[in-house]
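Structure, as structure tokens:
The values are calculated or read from the model by the stated rules, or taken from the named source; none is laboratory data. No experiment lies behind these values; they were computed from the predicted model shown. Cβ coordinates were reconstructed from backbone atoms using ideal geometry, including for glycine residues, and neighbour counts include every protein chain displayed. Only protein heavy atoms, including side chains, enter the accessible area calculation; ligands, DNA and RNA are left aside. Shrake-Rupley method; radii C 1.70, N 1.55, O 1.52, S 1.80 Å.
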Amino acid sequence: MNILVLCTGNSARSILLESILNRFGEGRVTAWSAGSKPAGQVHPQSLRLLQAKGFDTSAARSKSWDEFEGPQAPVMDAVITVCGSAAAEPCPIWPGAPVRAHWGVEDPAAAAEADWDEAFETAYAQLKRRADAFLALDFEALDADKLRDRMNLIGQD
């Protein structure tokens, strides 16, 4: 399953969930992340947290969702928004009519720098719980409507 994780800046939450899904998806999931107005760099605390948890961050980068619109882009099965502003924005139409879900999480980058450790850890933990719930599903056997319903329920935890 191909999943695109969207957030406005693509520097924190979307990067975290992309990393989590790719690592724990064990070949069932390939995730990418992007933003409507990318920050241009991954938040340094995102990188520190992921590296501390043993993730390879060498390919992590902030990028525009425009990269996923063209004919050469991978076809997405699902699109997950992780911030409120990206959920409300009109998204491009991707080939294959992917399932859309919203898993909103507080922006850890909005915290005071002195609180980043806790804020990013909290965001990571929430995204990890949701990813675990998603990966526990037999999503390959679900039709699009049931998959969307389950994914949206997961986003309400």
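Couple of notes before you dig in:
- Residues located in region 126-146, provided they are over 19 Å from Glu26 (Cα atoms) and in a helix (DSSP H, G or I): Gln126, Ala144, Asp145, Lys146
- Scanning region 91-106 for residues that are modelled with pLDDT of 90 or more and open to solvent by 60 Å² or more (accessible area, probe 1.4 Å) yields Arg100, His102, Glu106.
- First in region 1-23 and closer than 16 Å to Asp107 by Cα, second anywhere and in a helix (DSSP H, G or I) and open to solvent by 10 Å² or more (accessible area, probe 1.4 Å), Cβ under 7 Å, 6 or more apart: Val5/Glu18; Leu6/Trp65; Cys7/Arg13; Thr8/Ser85; Ser11/Ala109; Ala12/Ala109; Leu16/Tyr124
- Which listed residue is more than 15 Å from Cys83 (Cβ to Cβ) and at pLDDT below 95, from Gly9, Gly27: Gly27
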